[in-house]
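**Student:** Questions regarding the structure given below will be posed in turn.
The values are calculated or read from the model by the stated rules, or taken from the named source; none is laboratory data. Quantities reported herein were computed from a predicted structural model and do not represent experimental measurements. Ideal geometry is used to build each Cβ from the backbone, glycine not excepted, and the neighbour counts take in all protein chains shown. What goes into the accessible areas is simple: the full protein's heavy atoms, side chains included, and nothing from ligands, DNA or RNA. Shrake-Rupley method; radii C 1.70, N 1.55, O 1.52, S 1.80 Å.
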Amino acid sequence: MPYDTIDREVIEAAADLRAISTYSVGYEHIDLQCTKSRGILVGYTPDVLTRATADLAFALMLDVMRRVSEGDRLIRSGGWQQVFGPCDFLGTDLETKTVGILGPGRIGLSFAEKAQAFGMKVVYHGNGRLSERQERQAGIEHVSLNQLFSESDIVSLHIPHTKRTHDMVNRSLLAKMKRGAFIVNTSRGRVINQKDLVLALQNGDLAGAALDVFYDEPLGADSPLAKMENVVLTPHMGSSTKETRENMARLAVLNLKMAMAGRRPKCAV
Amino acid sequence: MSTARAFVTRTLLPEALDIIREVADVTVWPEETPPSVEELRRHCGDADGILTTIMDRVDADLLDAAPRLRAISQLAVGLDNVDVAEATRRGIPVGYTPGVLAKSTADLAMALLLGAARRTSESERWLRGGGWQIQFHPTHWLGQDVHEACLGIVGLGQIGREIAKRAGGFDMDIVYHSRTRYPDAEAEHGLRYAEFPDLLAQADFVVLSVPLTPQTHHLISGPQLAMMKPSAILINVSRGPVVDPAALYEALRDGQIARAALDVTSPEPIAVDDPLLTLDNLVITPHIGSAALPTRLNTMKLAARNLVAGLKGEPM
């Protein structure tokens, strides 16, 4: 499971271990140097969960921009006493807004596709560049990291958690964002410095955030984020649909069976 | 010639009011609640033009109390609160705001569809209540995949078309039902036409984007809910009375359909003790279909321009 720490200690304690199969596309919880040196095969579950995760990221973006969960909460708490006037409870339109994708991998590009169907402009930044053909096909424009944060109305994170990306989205990057911008994170909680994010939200620099992942999980009800109205918080459920989880399970089991038979898993890290 | 008098029934953004102020003395209803029937009659008494919302009943009685009235401009695309036939009979043009708010409403329809499919509001309610204790479990909070699911659009006006366009970005299989067929839209958005019962039987998601008319009143009631899949999700961004709320409550409670997402209810606001609000498998928003910027400002400006045109005797 993605929350299991499979580090050197664990691996060395399992003398006969030949195969590891993770039920996730993230594999930062596995010490790959150690598995490589011991000839342990490692499988993971890319592709089968791409669209479900991109769907949730988009759901979160729509929710925070149009204040869906906030409105639901308001009604259930008895706060909707009269029909709103034309100036009340206004959200933000999507069309013509720029969404910046950090990490143009499978999930990031799936997200980009949806953004375009809503008339949004899409820019991206990542570890490397896509080819010109890929950029043209996806209809997205490459920008520098600083430009991504300063030009986007919404930034959506689709990067793995590594030493390099740990705490990457910090006060300095957040300060570059437009006043009234939104941030969406369905990747890993620790790519954002959560204390800096809370400050940016409390100061009103950002209009809101939609998060499926957090620095520490589970997120408690006493977290400062859970006290804000302009954030959407979901309990790490990016790939959580019946069909997708079934497909992940099938693939994870297949990976394990193949690796135990000494073969390279269907999806090998 | 004396300046025309305009009455605006709710506070608008200043930019929109300025448009009307160029040609008329403008009185704006300042309260948070809409004017009552009596207050509306009183203010319309000397009005040449009025800018209304869906909360204002514009009927023969009101028109009787407004002898100078020569232009009505509604800030909405729905006109079920205006007796258009009566106004036309009296030679009073009625303006409305089609087109400008279609995309915004389609955005919200998709927000509700995705929110219901993936149970975002529901899980957040649980999280904020302290429910999240186990970091990850493979079968917790399972929702439904949107990609490649079947979307049934009921009513293919501008809003329905914008929904179709957006659903295409999710690889959805889209079927529609409407009073007329639209081969051009079928080709453009890859839609299939279906008779209403067939749409209900096939769809994983049913979205209602019809106007409220005598024919669409309780369009979705017990029999229609029974035709839907037990895993189906109903989304309503049209008007509350298009759905029979008692039938919907029972269907959701008994699992006849899986979930519903409503931006509109009957009545509005929904009563705090309405049984629908006891359900976890419901997403509900306070009629915010086109409540976004810049769309709302553009809608107000269009309504203002319509009123100005009507006061000048020009087409709206």
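**Student:** Collect the residues in region A:78-100 that are within 23 Å of the chain's Cα centre (by Cα), part of a loop (DSSP other than H, G, I, E, B) and aliphatic (A, V, I, L, M), keeping them in residue-number order.
**Tutor:** Listed by number, the list holds a single entry, A:Leu94.
**Student:** Can you confirm whether region B:142-165 contains a residue that is open to solvent by 40 Å² or more (accessible area, probe 1.4 Å), farther than 17 Å from B:Ala106 by Cα and within 11 Å of chain A (Cβ to nearest Cβ)?
**Tutor:** yes
**Student:** Which residue pairs have Cβ atoms closer than 9 Å, lie 6 or more positions apart in sequence or on different chains, and pair a first residue in region A:111-129 that is assigned to a loop (DSSP other than H, G, I, E, B) with a second residue that is of a type in the set (S, T, N, Q) and open to solvent by 40 Å² or more (accessible area, probe 1.4 Å)?
**Tutor:** Final answer for the pair search is A:Gly119/A:Thr96; A:Met120/A:Thr96.
**Student:** Next up: I'm trying to understand the selection: among the residues of region A:28-54, which are in contact (Cβ under 8 Å) with a residue 40 or more places away in the chain and within 14 Å of chain B (Cβ to nearest Cβ)?
**Tutor:** Residues satisfying the conditions are A:Thr45, A:Asp47, A:Val48, A:Leu49, A:Thr50, A:Arg51, A:Ala52, A:Thr53, A:Ala54.
**Student:** Of all residues being modelled with pLDDT of 95 or more and in contact with a Lys or Arg (Cβ under 8 Å, 6 or more places away or on another chain) in region B:186-201, which is least open to solvent (accessible area, probe 1.4 Å)? Just the residue, please.
**Tutor:** B:Glu186
**Student:** A further question follows. Could you please tell me which pairs satisfy a Cβ distance under 8 Å, a separation of 6+ or placement on different chains, a first residue in region B:84-95 that is β-branched (Val, Ile, Thr), and a second residue that is part of a strand (DSSP E or B)?
**Tutor:** B:Val84/B:Val94; B:Thr88/B:Val94; B:Ile92/B:Ala71; B:Ile92/B:Ile72; B:Val94/B:Ile72; B:Val94/B:Ser73; B:Val94/B:Gln74; B:Val94/B:Val82
Conditions (1) facing chain B (nearest Cβ under 9 Å); (2) among the aromatic types (Phe, Trp, Tyr); (3) surrounded by fewer than 24 Cβ atoms within 10 Å (Cβ to Cβ), marked per residue:
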{"residue": "A:Met65", "(1), (2), (3)": "yes, no, no"}
{"residue": "A:Ser69", "(1), (2), (3)": "yes, no, no"}
{"residue": "A:Leu74", "(1), (2), (3)": "yes, no, yes"}
{"residue": "A:Thr92", "(1), (2), (3)": "yes, no, yes"}
{"residue": "A:Leu102", "(1), (2), (3)": "no, no, no"}
{"residue": "A:Gly105", "(1), (2), (3)": "no, no, yes"}
{"residue": "A:Leu109", "(1), (2), (3)": "no, no, yes"}
{"residue": "A:Val123", "(1), (2), (3)": "no, no, yes"}
{"residue": "A:Leu130", "(1), (2), (3)": "no, no, yes"}
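**Student:** Here's another thing I want to ask about it. Would you check which residues across region B:228-244 are buried (at least 20 other Cβ atoms within 10 Å of the Cβ) and not in a loop (DSSP other than H, G, I, E, B) and list them?
**Tutor:** B:Ile233, B:Leu234, B:Ile235, B:Asn236, B:Val242, B:Val243
**Student:** Of all residues in region B:100-133, how many are facing chain A (nearest Cβ under 7 Å) and in a loop (DSSP other than H, G, I, E, B)?
**Tutor:** 4
**Student:** Name, by its number, the condition in (1) facing chain A (nearest Cβ under 10 Å); (2) in contact with a helix residue (DSSP H, G or I) (Cβ under 9 Å, 6 or more places away or on another chain); (3) under 30 Å from A:Pro235 (Cβ atoms) that does not hold for B:Leu75.
**Tutor:** The one condition B:Leu75 does not meet is (3).
For (1) in a loop (DSSP other than H, G, I, E, B); (2) in contact with a Phe, Trp or Tyr (Cβ under 8 Å, 6 or more places away or on another chain); (3) open to solvent by 10 Å² or more (accessible area, probe 1.4 Å), each residue gets a yes or a no:
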| residue | (1), (2), (3) |
| --- | --- |
| B:Val210 | yes, no, yes |
| B:Thr216 | yes, no, yes |
| B:Ala251 | no, no, no |
| B:Ala260 | no, no, no |
| B:Pro269 | yes, yes, yes |
| B:His287 | yes, yes, yes |
| B:Leu297 | no, no, yes |
| B:Lys301 | no, no, yes |
| B:Ala304 | no, no, no |
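**Student:** Let me ask something else about it. Hey, can you tell me all the residues within region A:208-256 that are under 30 Å from A:Ile40 (Cβ atoms), exposed (fewer than 15 other Cβ atoms within 10 Å of the Cβ) and not acidic (Asp, Glu)?
**Tutor:** If the condition is that a residue be under 30 Å from A:Ile40 (Cβ atoms), exposed (fewer than 15 other Cβ atoms within 10 Å of the Cβ) and not acidic (Asp, Glu), then A:Arg250, A:Val253 are the ones that fit.
**Student:** All but one of (1) open to solvent by 10 Å² or more (accessible area, probe 1.4 Å); (2) more than 10 Å from chain B (Cβ to nearest Cβ) hold for A:Asp88; state the number of the condition that does not hold.
**Tutor:** Among (1) open to solvent by 10 Å² or more (accessible area, probe 1.4 Å); (2) more than 10 Å from chain B (Cβ to nearest Cβ), the lone unmet condition for A:Asp88 is (2).
**Student:** Can you give me the number of residues within region B:166-185 that are closer than 27 Å to B:Gln215 by Cβ and open to solvent by less than 10 Å² (accessible area, probe 1.4 Å)?
**Tutor:** Looking only at that region, the number is 6.
**Student:** Which one is farthest from B:Ala201 (Cα to Cα), of the residues in region B:236-261 that are touching a residue at least 40 places away in the same chain (Cβ under 8 Å) and in contact with a helix residue (DSSP H, G or I) (Cβ under 7 Å, 6 or more places away or on another chain)? Reasoning before the result, please.
**Tutor:** Of all residues in region B:236-261, those touching a residue at least 40 places away in the same chain (Cβ under 8 Å) come to B:237-239, B:258-261.
Applying the additional criterion that residues be in contact with a helix residue (DSSP H, G or I) (Cβ under 7 Å, 6 or more places away or on another chain) yields B:237, B:259-261.
On the way: B:Val237: 20, B:Arg259: 16, B:Ala260: 16, B:Ala261: 19 Å.
That would be B:Val237.
**Student:** Okay, moving on. If a residue must be within 19 Å of the chain's Cα centre (by Cα) and either modelled with pLDDT under 95 or under 12 Å from B:Leu248 (Cβ atoms) (or both), how many such residues does region B:277-286 contain?
**Tutor:** First, the residues of region B:277-286 that are within 19 Å of the chain's Cα centre (by Cα): B:282-286.
Narrowing the set further to residues that are either modelled with pLDDT under 95 or under 12 Å from B:Leu248 (Cβ atoms) (or both) leaves B:282, B:284.
Residues in region B:277-286 being within 19 Å of the chain's Cα centre (by Cα) and either modelled with pLDDT under 95 or under 12 Å from B:Leu248 (Cβ atoms) (or both): 2 in total.
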